[in-house]
Each structure stands twice: as structure tokens, then as C-alpha cells.
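*Asks:* One structure is given below, represented as C-alpha cells, and several questions about it will come after.
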Amino acid sequence: MREFQLYGLGNALVDIFIELSDEEFAVLGYPRGSTQLISLDEQTALLKRFEGRDMRLVSGGSVANSIVAFAQLGGQAAFLGCVGDDRYGLFYQTEFEELGIDIGNPVLVGQSTGTCLCLITPDAERTMCTCLGVSSHLAAQHVDERRLKNADWIFLEGYTLANPQTGQGAIREALRLARRHNVRVAFTCSDVFVVDQFGDAFRETLAQTDLLFCNAVEACAVTGAPSAEKAFAALASKVPAALVTDGPRGAYVRYAGIETHVPAYPCQPVDLTGAGDMLAGAFLYGITQGIAPDRAARAACYLAMKVICQVGARLHHGTRLFWDECLASL
């Protein structure tokens, strides 16, 4: 039995949540629901603009959020990402250690930790202003073979491909070692811009992937299909297993010989941040525990519903309780 069931690789970011009115958001000029990559100076100016407002910090990043969910459910997890030796980096490392996640030694001296300012509007949409900081320095030399070879799965973050000089090398090295040590590969698209702007690197990674996570828009971009259902069908020729989310219309799942659609749980969303991250982490937990893919996906959808009924990308209480509650009802 290997030490870790799941080893995540991705951007280590501290999420900073701020709730804004439509009027406050409009003057910023960002497309609603978008992800903006901005400079450290821009991020500093934004944070200064909202100084004195209620801000909540949570250590995150897309795959990092999934790793947290996996660990909260009881899985043995590790994570690879880079933080700086500033207050955000210390916060990040401490929180992961408290969650029982092996984070190795991620601190790069003299660097600024990446931050993601999540602007939440009354429609529950979130617009993310991301300053990658030192998280973008994650490169091939940081990939830890000792931990990777002791994992059942590695989970790769699509956002990492947006750094051609560093992140793409880290993913190639992780894939090389995964093949060497018979570690299964899960991969999340992260955002449609990754598919659109870094298509060659994306397809190179997809060709070595065992399980792909994506939403409907991303799946359509990958396949050229016009709908989530058709994109899901088209993915069968590109990757052995896939989970395609389609918002309130549920998710399509293909894994271990089972192919199905699972409905979403109806709710009134408060903040859509992290729904996909939670779903991926919970589904990976389910299949590593031998739970049937359709049941694992249904329970993962339940946890995703719980996430979007609150502010923030992570459940801080009750994750395992909700999981057990859902499985017992199926």
C-alpha cells in the first residue's frame, strides 16, 4: 500500500474573499465570472482599494482545494506548490499542515506568495483576480519523485500549463515519473483559456491522462462539440475516463466501465467558487475507496451543492458527515 492515495500538483494561492455590490463591481471593468491574471502591483492596488472591508483568507488554488476535500473525507494526500516567505506563505503552509496534508517544503525565500482575490457579486458569481506570484515558479526541479512514486494517483492542474517556461516543465516531469512508477493521472482543465491558449501543451497532457475533469464549456472547447452531452461522448476517443460538469444540469461520468449522468442537487447558490474543485476531490476520494463511480459522483455533487450554498471554495465543517449522509440515502 502506497503512502498517499492522491498527490496534487498546482498553483498554491491564498484566496481572499470580498463581497461587492453590482455597482462596486461595475467600476472595476472586469468581465463578470472571468479569471484575470494580474501583476503584483495591480493586486496590491486592488487590496488597498478595499482596505477596511471584511476579507476572509483561505489557502487554496484549484487542485489544492480538491486535495483539501480529499483529506477532509479521510484520504491520505500530498500537495506540491510553491509559496513565498511572507505572511500569506506562512498562513498557507500552516493551514495545510493542520489539515494533515503533506506539503513538503514549498517556501521560496524572498518571494511573494500567489493570491487570488475572489470578487463575489449578488448573483453568486465570482470574478477572480489572480496574481500568481511565486506559485508560477513551480518547475520540473520541484517535482518530488519520492512522494510521487508513493502515490496511487497524481492530480494535475490545467492552470499550471499557463506558465510555459516553468509549469509546463513541472507537468512533463510529473507525467514522466508517473509512467515510471505506475501512478495514475487525473487532470483538470481549470479554465477554457487553458485549452484555447495552450492547446499543444494541453493535448500533450491529455494524451497521458487516465481521468479528465472539466465543465461543459471546457469540454466543448476540447472536442468542438456544441453541448455538454455531445462533448462528453466525444471525449471517449480522447481519454479513458472523464467527468464533465454541467452546472445545475448535473454531471456526466465515465469511469471503470460505468457511463452515466447524475443530476445536480437543487439549491440557491451564494458563491459558485470551488464547486468543481470539491466535486473532483470528492469523486477521487470515492473511487480510491472502491465506491462505484455513479455513487461517488452523486455524493460529490451533493458536496459541491453544499459548497455553493456558502461563501468560499471549501467546507470548513461537516464534509465527511455530508458525504456519509448522501451515500446512506442512495
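Here, each number is a calculation from the coordinates, and none is a lab measurement. Model, not experiment: these values are computed from the prediction. Here the Cβ positions follow ideal geometry from the backbone for every residue, glycine too, while neighbour counts run over all protein chains shown.
*Asks:* Would you pick out the residues in region 120-163 that are over 20 Å from E204 (Cβ atoms), more than 16 Å from the chain's Cα centre (by Cα) and either hydroxyl-bearing (S, T, Y) or assigned to a loop (DSSP other than H, G, I, E, B) (or both)?
*Replies:* T121, P122, D123, A124, E125, D144, K149, N150
*Asks:* Of everything in region 255-286, what is of a type in the set (A, V, I, L, M, F, W, C), in contact (Cβ under 8 Å) with a residue 60 or more places away in the chain and more than 30 Å from T121 (Cβ to Cβ)? Give them in sequence order.
*Replies:* L284
*Asks:* Do you know which residues across region 267-318 are basic (K, R) and more than 17 Å from the chain's Cα centre (by Cα)? So that I can check it myself, show each step before the final result.
*Replies:* Let us first name the residues in region 267-318 that are basic (K, R), namely 295, 298, 306, 314.
Selection gives R295, R298.
*Asks:* Turning to a different aspect of this structure: I'm checking my understanding of the structure. Among residues of region 185-235 that are assigned to a helix (DSSP H, G or I) and of a type in the set (D, E, K, R), which one is surrounded by the most Cβ atoms within 10 Å (Cβ to Cβ)? Walk me through it before giving the result.
*Replies:* The first filter runs over region 185-235 and keeps only residues assigned to a helix (DSSP H, G or I), leaving 192-197, 199-206, 216-223, 228-235.
Now restrict to residues that are of a type in the set (D, E, K, R): 196, 200, 203-204, 218, 229-230.
On the way: D196: 11, D200: 10, R203: 12, E204: 15, E218: 27, E229: 16, K230: 14.
Ranking the candidates gives E218 first.
*Asks:* Next up: Anything in region 1-49 that is more than 30 Å from Q289 (Cα to Cα), surrounded by 13 or more Cβ atoms within 10 Å (Cβ to Cβ) and acidic (D, E)? List them, or say none.
*Replies:* Hits for region 1-49 are E19, E24, E42.
*Asks:* Same structure again: Out of R146, R203, report the one residue that is within 17 Å of A221 (Cβ to Cβ), without any contact (Cβ under 8 Å) to a residue 24 or more places away in the chain and of a type outside the set (S, T, N, Q).
*Replies:* Numbers: R146 fails: within 17 Å of A221 (Cβ to Cβ).
Matching residue, one of R146, R203: R203.
*Asks:* Only residues that are within 16 Å of G276 (Cα to Cα) and either free of Cβ contacts under 8 Å to residues at least 60 places away in the same chain or part of a loop (DSSP other than H, G, I, E, B) (or both): list them for region 32-63, please. Write out each step before concluding.
*Replies:* Going through region 32-63, the residues within 16 Å of G276 (Cα to Cα) turn out to be 33-35, 60-63.
Those that are within 16 Å of G276 (Cα to Cα) and either free of Cβ contacts under 8 Å to residues at least 60 places away in the same chain or part of a loop (DSSP other than H, G, I, E, B) (or both): G33, S34, G61.
*Asks:* Here's a follow-up. Go through region 284-312 and count every residue that is within 21 Å of M128 (Cα to Cα), in a loop (DSSP other than H, G, I, E, B) and in contact with a Phe, Trp or Tyr (Cβ under 9 Å, 6 or more places away or on another chain). Give the steps one after another, and end with the answer.
*Replies:* Initially, region 284-312 is screened for residues within 21 Å of M128 (Cα to Cα), giving 304-312.
Narrowing further to those that are in a loop (DSSP other than H, G, I, E, B): 309-312.
Subsequent filtering for residues that are in contact with a Phe, Trp or Tyr (Cβ under 9 Å, 6 or more places away or on another chain) retains 311-312.
Adding up the residues that qualify gives 2.
*Asks:* Restricting attention to region 144-188, report how many residues are over 15 Å from L6 (Cβ atoms), of a type in the set (G, A, S) and in contact with a Leu (Cβ under 7 Å, 6 or more places away or on another chain).
*Replies:* 2
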